[in-house]
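For reference, the structure discussed in these notes is given below.
The values are calculated or read from the model by the stated rules, or taken from the named source; none is laboratory data. A quick note: this is a predicted structure, and the numbers were derived from the prediction, not measured. We work out accessible area using only protein heavy atoms, side chains counted, and drop any ligands, DNA or RNA first. Shrake-Rupley method; radii C 1.70, N 1.55, O 1.52, S 1.80 Å.
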Amino acid sequence: TMMTSSIAQTRVNVVVSRARTSSSSAARGRSARVCVAQGLSRDVEAVVTFTRNAAFALGVAAVMTSASPAMAKDGKNGVYWVSPQDGAQVEEEFTAKFGVKGYELAPASEGLQEGTGHHHIVIDGTFVEKGQAIPFDDTHLHYGKAQKEGIIKLSPGPHTLTLQFANAKHESFGQKFSKTISVCVGAEPCAPAKK
(Lines give C-alpha, C1' and ligand atoms only; values in the text may rest on other atoms or scores of the structure.)
Protein backbone atom coordinates (compact mmCIF):
# COMPACT_ATOMS: atom_id res chain seq x y z
CA THR A 1 0.00 0.00 0.00
CA MET A 2 2.83 2.35 0.82
CA MET A 3 4.53 1.47 -2.48
CA THR A 4 1.33 2.15 -4.41
CA SER A 5 0.95 5.48 -2.63
CA SER A 6 4.58 6.39 -3.43
CA ILE A 7 4.14 5.57 -7.13
CA ALA A 8 0.96 7.62 -7.23
CA GLN A 9 2.73 10.56 -5.58
CA THR A 10 5.60 10.28 -8.11
CA ARG A 11 3.12 10.41 -11.01
CA VAL A 12 1.48 13.49 -9.48
CA ASN A 13 4.88 15.18 -9.12
CA VAL A 14 5.74 14.37 -12.76
CA VAL A 15 2.41 15.73 -13.97
CA VAL A 16 2.81 18.88 -11.90
CA SER A 17 6.39 19.28 -13.12
CA ARG A 18 5.29 18.89 -16.74
CA ALA A 19 2.48 21.35 -16.18
CA ARG A 20 4.91 23.85 -14.68
CA THR A 21 7.32 23.31 -17.56
CA SER A 22 4.51 23.78 -20.08
CA SER A 23 3.29 26.87 -18.24
CA SER A 24 6.84 28.28 -18.13
CA SER A 25 7.33 27.61 -21.85
CA ALA A 26 4.01 29.28 -22.63
CA ALA A 27 5.02 32.23 -20.49
CA ARG A 28 8.36 32.45 -22.28
CA GLY A 29 6.50 32.23 -25.59
CA ARG A 30 4.18 35.03 -24.56
CA SER A 31 7.16 37.04 -23.33
CA ALA A 32 8.97 36.48 -26.61
CA ARG A 33 5.89 37.50 -28.57
CA VAL A 34 5.56 40.63 -26.42
CA CYS A 35 9.23 41.48 -27.02
CA VAL A 36 8.85 40.93 -30.74
CA ALA A 37 5.67 43.03 -30.75
CA GLN A 38 7.41 45.75 -28.78
CA GLY A 39 10.35 45.61 -31.16
CA LEU A 40 8.04 45.88 -34.15
CA SER A 41 6.21 48.71 -32.43
CA ARG A 42 9.49 50.58 -31.93
CA ASP A 43 10.46 49.92 -35.55
CA VAL A 44 7.08 51.16 -36.80
CA GLU A 45 7.34 54.20 -34.54
CA ALA A 46 10.84 54.90 -35.87
CA VAL A 47 9.62 54.60 -39.48
CA VAL A 48 6.65 56.88 -38.77
CA THR A 49 8.91 59.41 -37.05
CA PHE A 50 11.38 59.31 -39.94
CA THR A 51 8.56 59.70 -42.48
CA ARG A 52 7.10 62.66 -40.59
CA ASN A 53 10.51 64.31 -40.32
CA ALA A 54 11.19 63.75 -44.01
CA ALA A 55 7.78 65.18 -44.94
CA PHE A 56 8.41 68.20 -42.73
CA ALA A 57 11.84 68.75 -44.31
CA LEU A 58 10.36 68.52 -47.81
CA GLY A 59 7.61 70.96 -46.83
CA VAL A 60 10.15 73.46 -45.49
CA ALA A 61 12.23 73.08 -48.65
CA ALA A 62 9.16 73.67 -50.81
CA VAL A 63 8.25 76.81 -48.88
CA MET A 64 11.81 78.11 -49.07
CA THR A 65 11.93 77.41 -52.80
CA SER A 66 8.64 79.14 -53.51
CA ALA A 67 9.60 82.14 -51.41
CA SER A 68 13.09 82.45 -52.70
CA PRO A 69 13.93 84.69 -55.71
CA ALA A 70 15.91 83.61 -58.75
CA MET A 71 13.87 80.48 -59.31
CA ALA A 72 12.72 80.70 -62.92
CA LYS A 73 12.24 77.14 -64.23
CA ASP A 74 14.64 77.63 -67.12
CA GLY A 75 17.12 79.58 -64.99
CA LYS A 76 16.65 82.71 -67.11
CA ASN A 77 15.43 85.45 -64.81
CA GLY A 78 14.43 88.79 -66.22
CA VAL A 79 11.64 90.76 -67.86
CA TYR A 80 9.95 90.28 -71.19
CA TRP A 81 7.55 92.00 -73.54
CA VAL A 82 4.23 90.39 -74.38
CA SER A 83 3.28 93.20 -76.75
CA PRO A 84 4.23 95.06 -78.78
CA GLN A 85 6.90 92.93 -80.39
CA ASP A 86 10.28 94.33 -81.30
CA GLY A 87 10.00 96.34 -84.54
CA ALA A 88 6.21 96.55 -84.40
CA GLN A 89 4.21 99.32 -86.06
CA VAL A 90 1.87 100.86 -83.47
CA GLU A 91 -0.62 103.70 -83.23
CA GLU A 92 0.17 106.86 -81.31
CA GLU A 93 -1.73 105.40 -78.35
CA PHE A 94 -1.33 101.69 -77.69
CA THR A 95 -1.40 99.16 -74.87
CA ALA A 96 1.86 97.60 -73.78
CA LYS A 97 1.91 94.27 -71.92
CA PHE A 98 4.88 92.84 -70.06
CA GLY A 99 6.01 90.25 -67.52
CA VAL A 100 8.83 89.06 -65.26
CA LYS A 101 10.50 85.69 -64.68
CA GLY A 102 12.06 84.56 -61.41
CA TYR A 103 10.62 87.35 -59.28
CA GLU A 104 7.08 88.21 -58.17
CA LEU A 105 5.09 91.36 -58.82
CA ALA A 106 4.21 93.38 -55.72
CA PRO A 107 2.82 96.91 -55.27
CA ALA A 108 5.39 99.46 -54.15
CA SER A 109 3.07 100.38 -51.27
CA GLU A 110 3.78 96.98 -49.66
CA GLY A 111 7.39 97.97 -49.06
CA LEU A 112 10.61 96.06 -49.68
CA GLN A 113 10.15 92.30 -49.95
CA GLU A 114 12.78 89.82 -51.03
CA GLY A 115 12.23 88.59 -54.57
CA THR A 116 9.56 91.12 -55.52
CA GLY A 117 9.30 94.34 -57.50
CA HIS A 118 7.35 96.18 -60.18
CA HIS A 119 7.74 97.35 -63.76
CA HIS A 120 8.90 100.62 -65.31
CA ILE A 121 9.24 101.67 -68.92
CA VAL A 122 12.00 103.98 -70.08
CA ILE A 123 11.08 105.81 -73.30
CA ASP A 124 13.96 106.41 -75.69
CA GLY A 125 16.52 105.50 -73.06
CA THR A 126 18.54 102.53 -71.87
CA PHE A 127 18.42 100.41 -68.72
CA VAL A 128 18.96 101.99 -65.31
CA GLU A 129 22.08 100.86 -63.46
CA LYS A 130 21.52 98.40 -60.63
CA GLY A 131 20.75 100.15 -57.34
CA GLN A 132 19.96 103.52 -58.90
CA ALA A 133 16.52 105.05 -58.35
CA ILE A 134 14.36 105.36 -61.44
CA PRO A 135 13.37 109.03 -62.01
CA PHE A 136 9.79 110.25 -62.00
CA ASP A 137 9.39 112.10 -65.29
CA ASP A 138 7.70 111.87 -68.68
CA THR A 139 10.22 109.40 -70.06
CA HIS A 140 10.13 107.01 -67.08
CA LEU A 141 6.76 105.37 -66.62
CA HIS A 142 6.09 103.72 -63.26
CA TYR A 143 3.76 100.79 -62.70
CA GLY A 144 3.95 100.76 -58.93
CA LYS A 145 0.61 99.02 -58.45
CA ALA A 146 2.12 95.82 -59.87
CA GLN A 147 0.43 96.29 -63.25
CA LYS A 148 1.18 93.95 -66.11
CA GLU A 149 0.10 96.40 -68.79
CA GLY A 150 -0.32 100.10 -69.45
CA ILE A 151 -1.37 102.61 -72.12
CA ILE A 152 1.46 104.52 -73.77
CA LYS A 153 1.17 107.65 -75.93
CA LEU A 154 4.06 108.53 -78.24
CA SER A 155 4.71 110.96 -81.06
CA PRO A 156 4.95 109.57 -84.60
CA GLY A 157 8.28 108.11 -85.60
CA PRO A 158 10.78 105.58 -84.25
CA HIS A 159 11.08 105.02 -80.50
CA THR A 160 12.68 102.60 -78.10
CA LEU A 161 10.98 101.19 -75.04
CA THR A 162 13.05 99.72 -72.22
CA LEU A 163 11.24 97.60 -69.70
CA GLN A 164 12.99 97.91 -66.32
CA PHE A 165 12.20 95.99 -63.11
CA ALA A 166 12.87 97.61 -59.72
CA ASN A 167 12.10 97.20 -56.03
CA ALA A 168 9.52 99.01 -53.88
CA LYS A 169 11.87 102.00 -53.59
CA HIS A 170 12.09 102.15 -57.40
CA GLU A 171 15.74 101.08 -57.21
CA SER A 172 16.66 99.30 -60.42
CA PHE A 173 17.58 95.62 -60.59
CA GLY A 174 19.92 96.54 -63.42
CA GLN A 175 20.51 95.35 -66.95
CA LYS A 176 19.63 91.71 -66.25
CA PHE A 177 16.09 92.82 -65.48
CA SER A 178 15.66 95.07 -68.49
CA LYS A 179 14.56 94.50 -72.08
CA THR A 180 14.64 97.04 -74.90
CA ILE A 181 12.53 96.94 -78.05
CA SER A 182 11.97 99.40 -80.89
CA VAL A 183 8.59 100.47 -82.25
CA CYS A 184 7.43 102.59 -85.14
CA VAL A 185 4.63 104.94 -84.15
CA GLY A 186 2.12 106.07 -86.77
CA ALA A 187 1.15 104.97 -90.24
CA GLU A 188 4.40 105.97 -91.95
CA PRO A 189 7.34 103.50 -92.06
CA CYS A 190 10.27 104.27 -89.77
CA ALA A 191 13.98 104.00 -90.03
CA PRO A 192 15.40 101.63 -87.36
CA ALA A 193 15.62 103.36 -83.99
CA LYS A 194 18.94 103.38 -82.19
CA LYS A 195 19.00 101.07 -79.15
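Tabulated data
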quantity	calculated
Surface share of carbon and sulfur [accessible, 1.4 angstrom probe, percent] for the range 108-190	50
Gain upon complete extension [E110, T95; 0.36 nm per residue less C-alpha separation]	2.8 nm
Added length on full extension, which subtracts the Cα-Cα distance from 0.36 nm per residue, A133 to V82	15.9 nm
For the range 138-188 versus the range 84-122, the gap between their alpha-carbon centres in whole angstrom	7
